[in-house]
Structure formats: C-alpha cells, structure tokens
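The values are calculated or read from the model by the stated rules, or taken from the named source; none is laboratory data. The shown structure was predicted, so the numbers you read here are calculated from the model rather than taken from an experiment. Positions of Cβ are generated from backbone atoms using ideal geometry, with glycine treated the same way; all protein chains shown enter the neighbour counts. Keep in mind that these areas ignore ligands, DNA and RNA; they rest on the heavy atoms of the full protein, side chains included. Shrake-Rupley method; radii C 1.70, N 1.55, O 1.52, S 1.80 Å.
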Amino acid sequence: MAGRKRRKLNSLAMVAVDSTRGTTKSKREKLELQTWSDLPTELLELIFCHLTLEDNIHASVVCKRWHTAAVSVRVVNQSPWLMYFPRYGNLYELYDPAQRKTYSLELPELYGSRVCYTKDGWLLLFRPRTQRVFFFNPFTKELIKLPRFELTYQIVAFSASPTSTSCIVFTVKHISPTVVAISTCHPGAAEWVTVNYQNRLPFVSSIWNKIVFCSGLFYCLSLTGWLGVFDPVQRTWNVLVVPPPKCPENFFAKNWWKGKFMSEHNGDILVIYTCCSENPIIFKLNQSNMMWEEMKTLDGVTLFASFLSSHSRTDLPGIMRNSIYFSKVRFFGKRCISYSLDDCRYYPRKQCYDWGEQDPFENIWIEPPQGLSSFI
C-alpha cells in the first residue's frame, strides 16, 4: 500500500515538473518571438526623441506602433537659443536648450551697443554713445542702420525681418498717465516719426518690453496690466477696456513688475506672470469677450520667455513641449530653468527664480538659422 502511494506521488511530481517545464518553455518561446515593435510606447518615445529628424522618419515606417511613437516626439522646429551679452570683450555665448550645448561667436560689430529686441534671427541694438540704432544678424554678420534716435525709457519692437518691406520699428513711452509718445521707423527711412497720443485709460509703459506684433498690430502691456494697441497702417493708438489679469495677492511682492513676460502664438496674445514663491500663471486674451483667461495647458506649445522679447514654438522634442523656458541657465551652463504645465513644477526642482536678481540686458532668446553648421 505504501509503495502504491509512493508511486502515485512520484507520478504527480513528474507531471508537475513537466508542466513547469512546459510553462517555462512556452514563456521562453514567447520571449524569443518578441520583436523591437513590442517595446513599451514610453520606451519607444524616449528612444525616438533622441533621433535626428531623418532617423525619426526612417523609424516611423517600421510599423504602426513605431509610427505613432515617432510622430509624437518628432522635432520639426528648432528652438530659439539664449544669447548672452558679455560685460567686457566681444565673445558672445549662445546656449541651445534642446541639445544643452553652448557655442561662441566673436562679434566686434556689437561693441558698445545694448540689445533691445529680437525677431526672425535679427537683433535690434542701440549704441548710447552715438545714439545709433541698427539691426544685426549675428549668424550672417549683416548690418542695417536706422536713423539716429535716443532710446532711453521706451519699450521697443519690430514687426518683421529688416530685409522685408513690411518691417516697422515701434517704440512707446508714456509722457503722463494719459499721454504716450509713439515713434516709428523702417529700414531706408531718413528719420523717425513721433506722435503724441491721448489715452482713454491710464497707460504707464512697462519697465522692460512687454510688447508683441500680432495680426498686423503692436500689443503693449502697461506696468499695471492694461493693454495698449497700435495700428501701424492706420496710425491709431488705443488702450483696450480689458481689466488686467487677476493674480493672487502674493504675486505682487518685491520686483513683481519684472516677473511678467509677453508672447504671441498663432494670433493669440499670451502673458506669463511669475512669482518666486509660486508656480507661473499663463493668461490668454479672449478677443471675443475681451477678457484674460487663465490657461492650464499650452497644448504642446513651448514658450521662451525673456525680459526683452519672448517666443513660442511647436513641434519641439517631446520633453520640451507644454513648457515655459526662462532666460536663466543653471548647473554651470548645462540646464535651462523651465516650468512644465504637465507636471506643474519647475525643472530643475525648486529652481523658481527671483527676477529682481537678473540684469535685463544680460541675455535674449534669438532664432538660429537652419543649417547652422555653416555659421558656427
């Protein structure tokens, strides 16, 4: 009887071992049958975001899953670079936030000048000693002069590349809370045209540029958040009856006026309010209701904010999307301070910034040309 039980137990044990071996063999066969297309989507996106555009396109034709992952992180646009203006000398550094690389350019043409604005890869500069105003492209070394003009407390911008016939340079300065002086010029002009305008609402021009050109109009944010609009064709000026963006009381602390930035994207006017102790708040002007609306997402758009001009981009590397990149680099030039709206936090962590510490003329975002290798 005992022998029969022993044989039955041995038989059951052998069946269990065979079953285990069968299961292990089956798992091994399944693993051997798995291919690169079976990688998790998150891992595929992490890999593809490091590929060049050409390699990304090649990877996207492998299969449907790879196509979806590759397109989701495909980089079509190039991010602006942060250009630093040295206190001494002629060596200028340019930081690429996408590659986290820094390049250097020797630019003696800019000696003694102060940057005012950038657009389409061009700088607008002012030389205080001679009152010379000029455009300069740091990549092609092209220089275009404007008539002399005293740029002191004006906020200033231009509408398009100075090589374009539609380029207009615009400045505004308040004479009193109800009167502003607006000056305009364009490449090839013999002089600046200055006209004083009466305001319906008080408008005190901001300390640093909060100004964008959008849909044919210049939009300016006043020191207290009112929005002025100048039409360069009709030569009309108006302060809109739009209440300033509403912010928590703790936003209006020390240097609150410095922590504001203004940008535009596809016809939308955007304002960024920052405070060293809080997360940034983004507002978009609802042009139908004429009200500022808080934005919880940028829908994949990336904003690049600096004191003198700010930019927007789409189709950047996945990790850069739906974020704000500020004009400050930490960790010995290796990491740009950014804020992710997806994660509701700054990167690097706890790197919120007191803008009162920074010189507004220290740096500015500029758009590098395509095929940059021939310029650097």
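What do the square roots of 5 times the Cα gyration tensor eigenvalues come to for the stretch 127-172, in whole Å, largest first, as semi-axes of the equivalent ellipsoid?
Each semi-axis is the square root of five times an eigenvalue, giving 18, 15, 9 Å.
Can you check how the C-alpha radius of gyration of the stretch 69-169 compares to 2.2 N^0.38 Å, as a plain ratio? Don't skip to the end; give the middle numbers.
Values: Rg = 15.7 Å, N = 101, 2.2 N^0.38 = 12.7 Å.
Computed over Cα atoms of the stretch 69-169, the ratio equals 1.23.
Rounded to the nearest 0.05, what FRET efficiency do D231 and D38 give with R0 = 41 Å and r taken as the Cβ-Cβ distance? Could you check?
0.10
Can you give me the long-range amide H partners of Y347? Hydrogens built in the peptide plane at 1.01 Å from N, cutoff under 5 Å, separation of 5 or more residues or another chain.
Sorted by chain and number, the residues that satisfy this are S338, Y339, S340.
In nm, what is the difference between 0.36 nm times the number of residues separating E278 and T165 and their Cα-Cα distance?
Taking E278 through T165 to full extension adds about 36.3 nm, to one decimal.
Provide the net charge surrounding R100, with neighbours chosen by a C-beta distance below 13 Å and charges set as Lys +1, Arg +1, Asp -1, Glu -1.
For residues surrounding R100, the net value is +3.
Using a basic spin-label model with each label point 7 Å from the Cα along Cα→Cβ, how many nm lie between N286 and K173?
Taking the simple label geometry, N286 and K173 are separated by 3.8 nm.
Under 15 Å from the Cβ of G89, count the other residues' Cβ atoms, weight Lys and Arg +1, Asp and Glu -1, and hand me the total.
Charge balance in the 15 Å sphere: -3.
Ranking request for peptides 116-122, 341-347, 135-141: highest mean number of other beta-carbon atoms within 10 Å first, then the rest in descending order.
Most protected by this proxy first, the peptides run 116-122, 135-141, 341-347.
So how do 166-178, 299-311 stack up, highest first, on mean other-Cβ count within 10 Å?
Ranked from most to least packed, the peptides come out as 299-311, 166-178.
Take the Cα atoms of the stretch 112-241, build their convex hull, and give its volume per residue in Å³.
On the way: hull volume 13.6 nm³, N = 130.
It comes to 104 Å³ per residue, whole-number rounded.
Find how much the distance from V241 to D359 grows on full extension, using 0.36 nm per residue of separation minus their present alpha carbon separation; answer in nm with one decimal.
Result for the pair: 39.2 nm of gain on full extension.
What ranking, highest mean first, results for peptides 125-134, 359-368 when packing means the other Cβ atoms within 10 Å averaged over each residue?
Top of the packing list down: 359-368, 125-134.
Assigning unit charges at the beta carbon (Lys, Arg +1; Asp, Glu -1) and nothing else, what dipole magnitude in debye, to the nearest 20, does the stretch 112-241 show about its Cα centre? Numbers along the way, then the final one.
Working: 12 positive and 5 negative charges, 67 e Å.
Dipole size: approximately 320 debye.
Roll a 1.4 angstrom probe over the protein heavy atoms and tell me the percent of accessible area of the stretch 112-241 that is carbon or sulfur.
With neighbouring chains kept in place, the figure for the stretch 112-241 is 53 percent.
In whole percent, what relative contact order does the stretch 112-241 give with Cα contacts below 8 Å and a gap of six or more residues?
15
Out of residues 5 or more away from R114 or on other chains, whose amide H comes under 5 Å of its own, with H placed 1.01 Å from N in the peptide plane?
F126, R127
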